[in-house]
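To start, the structure itself, in structure tokens.
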Amino acid sequence: MSGLKHEPGISDPDGFYQELIDAVQRLSTEDALAFSARLNLLLANHIGDRTVLREAIEAARKGLEDHE
Amino acid sequence: MATYQYPKYPYHPPTFAGGVAPLAQVVIVGGGQVGLTMALDLAQRGVASVVLDEDNTVSDGSRAICQAKRTLEIWDRMGVAAPMMEKGVTWNEGHVFYRDEQLYAFNMQENPRSKFPAFINIQQYYVEQFLIEQAVQQPLIDLRWCHRVTGLETTSDGVRLVVETPDGTYTQPCDWLVAADGVRSTIRRQMGLSFSGQVFEDHFLIADIVMQREGPAIRRFYFDPPWGPEASALMHRQSDNVWRLDFQLGWNVDRDEELRDENVFARIRRMIGPDTPFELEWKSLYTFQCRSIDRYRHDRVLFIGDAAHQVSPFGARGGNGGVQDADNLGWKLALVVQGRAGVTLLDTYDEERRFAAAENILNSTRATDFITPKTPVSEVYRNAVLDLARDFPFARALVNSGRLSVPAHLKESSLNGADELQGAVRPGSPVPALPLSVPGDASVSHLTDVLGDGFTLLCFGPANADLSLDSDLAVRLLHAGRDFHDMDGGVVAAFGVQDDAVVLVRPDQHVMACWRAPVPATILDTLSMITGDCR
Ligand SMILES: Cc1cc2nc3c(=O)[nH]c(=O)nc-3n(C[C@H](O)[C@H](O)[C@H](O)COP(=O)(O)OP(=O)(O)OC[C@H]3O[C@@H](n4cnc5c(N)ncnc54)[C@H](O)[C@@H]3O)c2cc1C
């Protein structure tokens, strides 16, 4: 059984998405990257469960190739 | 150097120059901190050794400064911790700064009642000097200065070394060779062994300065310090008012330019401020690496210290790891040389210390990757961690300015026996130096003091009062409440003693087995792992 939630878990998904985009869309690419890194770390700590985190990292990485 | 006079140790021309020296049971190549610890350990166990070193003084310039608690415990067994403690500067705390703020502090002393502090800072040349002063008192150690090994030939029952001296070359045959000849090991090269790993693309400028400055001895690590262009900097107090400064310069630098006095002075000035007078004792520029050979035993040749593995200094795991190598190998080699254990026992040296070195390399690599991010993206993450660490304690746990040397817990060792108690100290762990007393013996203050150099059984509970063992390994039995008193219950708690517990401790003070209520046959069976094919 997978530890990472695949089914919807956020109430008001549209509202959340707008909040997220509002937070980043006027940032330079550099700052947006910093924002994403911070957000990742904050949420990762909140989740804490190493199995869930590993599955999330794998899921996010899917389809992306190493850059030579 | 202003604060240190390099000793010159006497060179004795070999009487066998041009010929063959008498066979030695054990030859140690390299009289550095690790080779000397090895010689002292063997001598303590009654085994003679020849130590060959290519020069006649101690470590040139400034390298290792931090010596860890476990190292001090090991040297204590050899009677050489006292001068180190007297000369060294004690510290337990590390403070980590980012830009102009302190992010957090950590304390490395897990138990304030331990015999030794988490660390002392002491210049490597003092360490070697004190080890040499102890070694020359030992008739079993034949220290030969200005004897450089230039070649070797391995045979089925030993090794023949080619040794060069100012008075000519000779052949030194030996049964066992311990290669402690450092990171540029001649033995390793002559045997064609690959030494592979990672080079970190960065330069670190090391400066040792003398200055009068008050304040506690703590490790200070600065990420992106506000005073200068360095990516990071480190500051450590050593003895004699000498301070170690370490500046991270980056990869694309002009080495000669960076080492020019005026540039070094400018960096130091920015860091310590404009007013404090100082004198520069030593400067050097390093790139750091993490490397290892694949196996630490090659038949009759055993590799220890930097000859076997190299780590980046963040974490002080190089010298401290090497001393633990010697501690691990000493008793095993002694038993084999004395014919009391089979040679396969030496494979457990390779197994256990390769495990420990892998842990050291992993920790040093991770720290260096944090300090020197390899790609722009990893730098983004690194900086995100630092930015969050100010406000969020969780991020401080991710900040890695070096995971400092702790003893190896040989959890997976094939020598480990029963694991029937539930304490924090389990088979494979070193015994903690907790307070303890022995009736009528004021020289004993901690558990490690009563263990001696052999195998020890710590016996608890009334059922073990008459326990006796008939073993070739000369096992000492110590009964709680009779032979020692656990001062504040710390020992009982550490092992999780219950019922009629018995703890078997190896000669290197690592726990071998923990039983709840064993019969002698069970204990003897575990000990037979040591004696092996020799029985
Ligand atoms: C900048 C810096 C900071 C460091 N800080 C720390 C720290 O804080 N804590 C820590 O634990 N470690 C630290 N280290 C690592 C530490 O210095 C080494 O791990 C340690 O010196 C290894 O000891 P060794 O005896 O194995 O080798 P070495 O100290 O290199 O000794 C090797 C010996 O072999 C001799 N030798 C070499 N070749 C031959 C030959 N062919 N024939 C005869 N003799 C030979 C040499 O003369 C030398 O005496 C640091 C290293 C550096 C560079």
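The values are calculated or read from the model by the stated rules, or taken from the named source; none is laboratory data. Quantities reported herein were computed from a predicted structural model and do not represent experimental measurements. Quick reminder, even Gly has a Cβ in these numbers, built from the backbone with ideal geometry, and neighbours come from all protein chains shown.
Among the residues of the stretch A:28-67 satisfying the criterion of being charged (D, E, K, R) and part of a helix (DSSP H, G or I), which is nearest to the other protein chains (Cβ to nearest Cβ)?
So, considering only residues that are charged (D, E, K, R) and part of a helix (DSSP H, G or I), the one nearest to the other protein chains (Cβ to nearest Cβ) is A:Arg38.
Given the conditions (1) over 16 Å from B:Leu388 (Cβ atoms); (2) away from chain B (no Cβ under 14 Å), and given that A:Ala23 satisfies all but one, which numbered condition is not satisfied?
(1)
Quick one: how many residues across the stretch B:427-450 are over 20 Å from the mean Cα position of the chain (by Cα), in a loop (DSSP other than H, G, I, E, B) and crowded, with 19+ Cβ neighbours inside 10 Å?
2
Looking at this structure, is B:Thr71 within 16 Å of B:Leu131 (Cβ to Cβ), among the hydroxyl-bearing types (Ser, Thr, Tyr) and part of a helix (DSSP H, G or I)? Lay out the reasoning, then the answer.
On the way: within 16 Å of B:Leu131 (Cβ to Cβ): yes; among the hydroxyl-bearing types (Ser, Thr, Tyr): yes; part of a helix (DSSP H, G or I): yes.
In short, yes.
Out of all the residues in the stretch B:116-124, is one or more closer than 28 Å to B:Val26 by Cα, in the same structural domain as B:Cys146 (by TED's automatic domain parsing), modelled with pLDDT of 95 or more and among the aliphatic types (A, V, I, L, M)?
Our first condition is that a residue be closer than 28 Å to B:Val26 by Cα; within the stretch B:116-124, this holds for B:124.
In the following step, the residues that additionally are in the same structural domain as B:Cys146 (by TED's automatic domain parsing) were identified as B:124.
If we keep only those that are modelled with pLDDT of 95 or more as well, we get B:124.
Of the ones still in play, those that are also among the aliphatic types (A, V, I, L, M) are none.
There is no residue in the stretch B:116-124 that is closer than 28 Å to B:Val26 by Cα, in the same structural domain as B:Cys146 (by TED's automatic domain parsing), modelled with pLDDT of 95 or more and among the aliphatic types (A, V, I, L, M).
With (1) of a type in the set (Gly, Ala, Ser); (2) away from chain A (no Cβ under 14 Å); (3) in contact with a strand residue (DSSP E or B) (Cβ under 7 Å, 6 or more places away or on another chain) as the list, and B:Ala424 as the residue in question, which single condition is left unmet?
Just one mismatch for B:Ala424, condition (3).
Report, ordered by the first and then the second residue, all pairs with beta carbons closer than 9 Å, sequence separation of six or more or different chains, a first member in the stretch B:255-277 that is in the same structural domain as B:Arg213 (by TED's automatic domain parsing) and within 14 Å of B:Asp208 (Cα to Cα), and a second member that is charged (D, E, K, R) and outside any helix (DSSP H, G or I).
B:Leu259/B:Lys283; B:Asp261/B:Lys283; B:Val264/B:Lys283; B:Arg267/B:Glu230; B:Met271/B:Glu230; B:Ile272/B:Arg213
Taking the stated definitions as given, is B:Ala64 surrounded by 21 or more Cβ atoms within 10 Å (Cβ to Cβ), under 15 Å from the mean Cα position of the chain (by Cα) and within 12 Å of the ligand (Cβ to nearest atom)? It would help to see each step written out before you state the result.
Details: surrounded by 21 or more Cβ atoms within 10 Å (Cβ to Cβ): yes; under 15 Å from the mean Cα position of the chain (by Cα): yes; within 12 Å of the ligand (Cβ to nearest atom): yes.
In short, yes.
Can you find even one residue in the stretch B:314-330 that is acidic (Asp, Glu) and either within 14 Å of chain A (Cβ to nearest Cβ) or touching a Phe, Trp or Tyr at 6+ places or on another chain (Cβ under 7 Å) (or both)?
Scanning the stretch B:314-330 turns up no residue that is acidic (Asp, Glu) and either within 14 Å of chain A (Cβ to nearest Cβ) or touching a Phe, Trp or Tyr at 6+ places or on another chain (Cβ under 7 Å) (or both).
Which of the residues spanning the stretch B:291-329 are surrounded by fewer than 24 Cβ atoms within 10 Å (Cβ to Cβ), more than 8 Å from the ligand (Cβ to nearest atom) and either within 25 Å of B:Gly61 (Cα to Cα) or modelled with pLDDT under 95 (or both)?
B:Arg291, B:Ser292
Only residues that are under 27 Å from the mean Cα position of the chain (by Cα) and either facing chain A (nearest Cβ under 10 Å) or of a type in the set (Ser, Thr, Tyr) (or both): list them for the stretch B:349-406, please.
Within the stretch B:349-406, B:Tyr349, B:Ser364, B:Thr365, B:Thr368, B:Thr372, B:Ala397, B:Leu398, B:Ser401, B:Ser405 qualify.
What's the total number of residues in the stretch B:36-54 that are surrounded by fewer than 24 Cβ atoms within 10 Å (Cβ to Cβ), outside any loop (DSSP other than H, G, I, E, B) and of a type outside the set (Gly, Ala, Ser)?
Going through the stretch B:36-54 one residue at a time, the tally reaches 2.
Can you confirm whether the stretch B:253-275 contains a residue that is surrounded by 14 or more Cβ atoms within 10 Å (Cβ to Cβ), in contact with a Ser or Thr (Cβ under 7 Å, 6 or more places away or on another chain) and not in a loop (DSSP other than H, G, I, E, B)?
For the stretch B:253-275, residues surrounded by 14 or more Cβ atoms within 10 Å (Cβ to Cβ), in contact with a Ser or Thr (Cβ under 7 Å, 6 or more places away or on another chain) and not in a loop (DSSP other than H, G, I, E, B): absent.
Any residue that is at pLDDT 95 or above, over 16 Å from the mean Cα position of the chain (by Cα) and within 27 Å of B:Gln172 (Cβ to Cβ) - is there at least one of those in the stretch B:96-104?
Checked against the condition, which is being at pLDDT 95 or above, over 16 Å from the mean Cα position of the chain (by Cα) and within 27 Å of B:Gln172 (Cβ to Cβ), the stretch B:96-104 yields no hits at all.
Restricting attention to the stretch B:308-329, does a residue exist that is closer than 30 Å to B:Tyr4 by Cα and assigned to a strand (DSSP E or B)?
Yes; the residues of the stretch B:308-329 include at least one that is closer than 30 Å to B:Tyr4 by Cα and assigned to a strand (DSSP E or B).
Which residues, taken from the stretch B:139-155, are buried (at least 21 other Cβ atoms within 10 Å of the Cβ), β-branched (Val, Ile, Thr) and within 10 Å of the ligand (Cβ to nearest atom)?
Answer for the stretch B:139-155, where residues must be buried (at least 21 other Cβ atoms within 10 Å of the Cβ), β-branched (Val, Ile, Thr) and within 10 Å of the ligand (Cβ to nearest atom): just B:Val149.
Taking the stretch B:171-184 on its own, how many of its residues are under 19 Å from B:Gly318 (Cβ atoms) and surrounded by 24 or more Cβ atoms within 10 Å (Cβ to Cβ)?
Number of matching residues: 4.
Can you tell me which residue within the stretch B:93-138, out of those that are of a type in the set (D, E, K, R) and not in a loop (DSSP other than H, G, I, E, B), is nearest to the ligand (Cβ to nearest atom)? I'd like the intermediate steps shown before the answer.
First, the residues of the stretch B:93-138 that are of a type in the set (D, E, K, R): B:93, B:99-101, B:110, B:113, B:115, B:128, B:133.
Going one step further and asking which of them are not in a loop (DSSP other than H, G, I, E, B), we end up with B:93, B:101, B:128, B:133.
On the way: B:Glu93: 16, B:Glu101: 26, B:Glu128: 8, B:Glu133: 15 Å.
If we take residues in the stretch B:93-138 being of a type in the set (D, E, K, R) and not in a loop (DSSP other than H, G, I, E, B), then B:Glu128 is nearest to the ligand (Cβ to nearest atom).
Is it the case that A:Gly48 is at positive phi and at pLDDT 95 or above?
Numbers: at positive phi: yes; at pLDDT 95 or above: yes.
Judged against the criteria, A:Gly48 is a match.
Based on what the data block shows, is B:Val491 over 21 Å from B:Ser528 (Cα atoms) and β-branched (Val, Ile, Thr)?
For B:Val491, the condition - over 21 Å from B:Ser528 (Cα atoms) and β-branched (Val, Ile, Thr) - is met.
Take the residues in the stretch B:156-189 that are free of Cβ contacts under 8 Å to residues at least 12 places away in the same chain and more than 24 Å from B:Trp331 (Cα to Cα); name whichever of them is farthest from the ligand (Cβ to nearest atom).
Out of the qualifying residues, it is B:Arg189.
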